[in-house]
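Below is one structure, written out as structure tokens; comments come after it.
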Amino acid sequence: MCRIAPRPAYLWRWNVTTLPPLVPMLVSLIGGYLLGSIPVAVLAAGRRGVDPREVGDRNPGFWNVRERLGHRAAVPVFAGDTAKGVLAGLLGLLAAGAHTTGLGVVTGPSATAAYLAVGAAMIGHAWPVFAGFRGGRSVLTFAGGIAVICPPAFVLALALLAVTFLLTRSFAIGARAGVFAIPLLQLPFAPIGHVAATGALMCLIGVRFGQAALAARRA
């Protein structure tokens with residue numbers, strides 16, 4: 001009786017280990033940048049006839065849209081800019097084989113790819129190819145990326161935000177406390193190299209705030 005040989009595994013599923021090591025990194029960088037370049041604030045505010053790059057502090061992000069158009073109009077911006085970081089982090093994670101610890105913290109080759117993807121998404125948000133390279137400060141995109149890179153630190157940052165908000169009645173102060181504490185909150189769950197990489201991502205946010213301050217001074 002003639003038996004049909006089973007099909008090779010590569011015909012049934014994609015196996016990341018068969019790819020050259022450079023491919024997941026390129027996928028992470030290019031995919032992350034394109035995701036970050038989606039101008040969520042410009043699209044959301046544009047539906048109401050406003051270009052956030054031309055009003056207020058000229059930052060196409062959640063805070064400026066909220067100040068100009070109100071909380072309801074800013075909700076899609078908050079969700080969309082955060083989702084860009086989440087999707088970029090997931091892209092990097094999956095592109096490099098989805099290596100995580102029991103708590104979901106990225107590890108091994110997936111850590112490098114995830115950090116590259118999130119960093120590229122932040123650069124895309126700051127200098128978006130789809131919006132004339134005039135973007136925002138990448139805070140929410142960074143937060144969304146951390147949700148994938150180190151879920152426990154992200155949850156603790158949310159808790160700190162909530163506690164700070166209850167004490168100060170200021171969401172802005174709570175958000176700053178949660179974001180700036182992320183490297184410390186990450187320490188118990190990730191190697192020091194990963195914490196340093198998180199700090200490097202935060203430096204990009206600092207660069208964007210510095211550029212905004214210089215632009216305001218020249219205006």
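For region 166-219, what does the alpha-carbon gyration tensor say about shape, rounded, prolate or oblate, given a ≥ b ≥ c as the root eigenvalues, a/c under 1.5 as rounded, and a/b over b/c as prolate?
On the way: a/c = 6.03, a/b = 1.33, b/c = 4.54.
It is oblate, given that a/c is not under 1.5 and a/b is not larger than b/c.
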In terms of the Cα gyration tensor, with a ≥ b ≥ c the square roots of its eigenvalues, is region 115-199 rounded because a/c is under 1.5, prolate because a/b exceeds b/c, or oblate?
-> oblate
For region 20-217, what's the relative contact order in percent, using C-alpha pairs closer than 8 Å and at least 6 residues apart?
-> 22 percent
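What shape does region 20-217 take by its C-alpha gyration tensor, where a ≥ b ≥ c are the square roots of the eigenvalues and a/c under 1.5 counts as rounded, a/b above b/c as prolate, and the rest as oblate? Intermediate values should be presented prior to the final figure.
Values: a/c = 1.96, a/b = 1.31, b/c = 1.50.
Oblate is the answer for region 20-217, as a/c is 1.5 or above yet b/c matches or exceeds a/b.
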DSSP-assigned coil residues among chymotrypsin sites (Phe, Trp or Tyr not before Pro) in region 161-212, each with at most 13 further Cβ atoms within 10 Å = none
With all protein chains present, how much of the accessible area of the chain (probe radius 1.4 Å) comes from carbon and sulfur, to the nearest whole percent?
-> 70 percent
Loop-only check: which trypsin sites (Lys or Arg not before Pro) in region 18-60 are DSSP coil with at most 13 other Cβ within 10 angstrom?
-> Arg47, Arg48
At 1.4 Å probe size, with every protein chain present, just tell me what the per residue accessible area of region 134-219 comes to in Å².
-> 51 Å²
For the chain, with only Lys/Arg (+1) and Asp/Glu (-1) charged at the beta-carbon, what is the dipole magnitude about the Cα centre, in debye rounded to 20?
-> 360 debye
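Determine the calculated [θ] at 222 nm for the chain from helices alone, applying -39500 (n - 2.57) to every DSSP H run no shorter than 4 residues and normalising by the residue count; nearest 500 deg cm²/dmol. Numbers along the way, then the final one.
On the way: 11 runs with 148 residues, N = 219.
Helix contribution divided over all residues of the chain: -21500 deg cm²/dmol.
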One finds the C-alpha centres of region 68-90 and region 132-180 to be spaced, in Å, by 12 Å
Amide H of Thr100: which non-local residues (sequence gap of 5 or more, or other chain) have their own amide H closer than 5 Å, using H built in the peptide plane?
-> Thr107
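The values are calculated or read from the model by the stated rules, or taken from the named source; none is laboratory data. If you're wondering where the values come from, they're calculated on a predicted model, not measured in any experiment. Cβ sites come from the backbone with ideal geometry, for glycine too, and all protein chains shown count toward neighbours. Each accessible area value is taken on the protein alone, full model and side chains, heavy atoms only, with ligands, DNA and RNA left out. Shrake-Rupley method; radii C 1.70, N 1.55, O 1.52, S 1.80 Å.
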